Amino acid sequence: MIRQQRHPASWWNQFQQASEKFDLAYLTEHLGDEITPKISSPLLRREAQIALEVMVRHLNKPVSEELADRAAKSVERLIATVGRLVERSGDGFELREAHALIHLLEGKFGDAAYEAQEFVKTQLILRAFVGALRLERFDTDLAVKLLDHGQDPAVALHSGQVVGKYAWWPSWLLKVVTERAMAGTLEEETIAALDRCAYAELSPAQARIARRLLDGDESLIDASAVRLEGLGEAHAAEKLRKGDLTTVALAARLIPI
């Protein structure tokens, strides 16, 4: 048994609502591929693999009545087989993996994920769900990392979309964004302000200064504000002291390239 935080089925069901392109075939195939190898009985595992393969074909071609019928019958056979094993062996035979796969094949994705967390690493399950979203310009690694650290799906997926959209940003700024996303402080105003920083042509030294300003280095903020005041930018200096991120790039460019 894997000891890890388990999310309820309702938590996993949020993913399907997050994308109009949610790919049921992708999720079924990838999560199924994590579950079926864990079935200990070779004969039951083979029957599970067959049921999974047929169901994935059906989901990829949902208009095919023949595939729909074959998929339904393969799931019925698997359920019947598991039922017979339960009757013969009682509690002495481990069938949680087969039950998780049956949930998956029946379209109960949240229940399948909840059960699978007993024997599959959460990160692998998360990658199956996130991949099924079929989101363009999306940072999957960041989203999975945030989800694995306990962030709500809506917040984590939004952060993944932001970083995917702004993948052209310099690496030092992407690191700032990732850190803020991990801390749950990546708000729209912050994104807009950081976008202005991304457009500023900063030298490596200036980028280091900008990072320290973004991190709230009080002594550097005060020194930079004094410089701005000396240049007649009293309003910008005041905004910088109050934590306004739009002035960070301006303050950083005071350092000679």
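The values are calculated or read from the model by the stated rules, or taken from the named source; none is laboratory data. Keep in mind that what you see is a predicted model, and the values were worked out from it rather than measured. With ideal geometry, Cβ positions are generated from the backbone for all residues, glycine too; neighbour counts draw on all protein chains shown. Accessible surface areas use protein heavy atoms only, side chains included; no ligands, DNA or RNA. Shrake-Rupley method; radii C 1.70, N 1.55, O 1.52, S 1.80 Å.
Can you give me the accessible area per residue for the range 14-153, using a 1.4 Å probe, in Å²?
Heavy-atom accessible area per residue stands at 52 Å².
For the range 168-211, report the accessible area per residue in Å² (1.4 Å probe, heavy atoms, rounded to an integer). Don't skip to the end; give the middle numbers.
On the way: 2310 Å² over 44 residues.
Using a 1.4 Å probe on heavy atoms only, each residue of the range 168-211 averages 53 Å².
Do you know the relative contact order of the chain, to the nearest whole percent, from alpha carbon pairs under 8 angstrom that are 6+ apart?
It rounds to 18 percent for the chain.
So what's the net charge close to residue 29: Lys and Arg +1, Asp and Glu -1, counting the other residues with Cβ under 13 Å from its Cβ?
Once all neighbours under 13 Å are counted, the net charge is -2.
State the number of lysine pairs found in the chain whose Cα atoms come within less than 26 Å, restricting to pairs 8 or more positions apart or on distinct chains.
20
Between residue 19 and residue 43, what is the spin-label point distance in nm, taking each point 7 Å from the Cα along the Cα→C-beta axis?
4.0 nm
Select from 123, 49, 17 the residue whose mean-square fluctuation is largest in a Gaussian network model of the chain (Cα-Cα springs shorter than 10 Å).
Largest GNM mean-square fluctuation: 17.
I want the local charge near residue 66. Using Cβ-Cβ distances under 12 Å, sum +1 for each Lys or Arg and -1 for each Asp or Glu among the other residues.
+2
Considering the chain as a Gaussian network with a 10 Å cut-off on Cα pairs, which listed residue, 89, 19, 64, attains the greatest mean-square fluctuation?
89
Using the Cα centre of the range 98-257 as the reference point, and only Cβ charges (+1 on K/R, -1 on D/E), how large is the resulting charge dipole? Debye, rounded to the nearest 20.
440 debye
Can you pull the percent of the range 164-257's accessible area that's carbon plus sulfur, 1.4 Å probe, other chains left in place? Could the numbers behind the result be given before it?
Details: 2730 of 5230 Å².
The nonpolar share, carbon plus sulfur, comes to 52 percent.
Can you give me the relative contact order of the range 1-109 as a percent, contacts being Cα pairs under 8 Å and 6 or more apart?
Reported relative contact order: 31 percent.
Run through the range 150-182 and list the chymotrypsin sites (Phe, Trp or Tyr not before Pro) located in a DSSP loop whose Cβ has at most 14 other Cβ atoms within 10 Å. Walk me through the numbers on the way to the answer.
Details: sites: 166, 168, 172; in loops: 166, 168.
The qualifying sites are 168.
Taking the structure as given and computing mean projected area of the Cα convex hull in nm², which label from (i) 25.5; (ii) 12.3; (iii) 16.9 fits?
Here the calculated entry is (iii).
What do you get for trypsin sites (Lys or Arg not before Pro) in the range 77-178 restricted to DSSP loop and a cutoff of at most 14 other Cβ within 10 Å of the site's Cβ?
In loop regions of the range 77-178 (DSSP not H, G, I, E or B), the sparsely surrounded trypsin sites (Lys or Arg not before Pro) are 121, 134, 137.
Summing Lys, Arg as +1 and Asp, Glu as -1, what charge do residues with Cβ under 12 Å from the Cβ of residue 112 carry, residue 112 excluded?
-4
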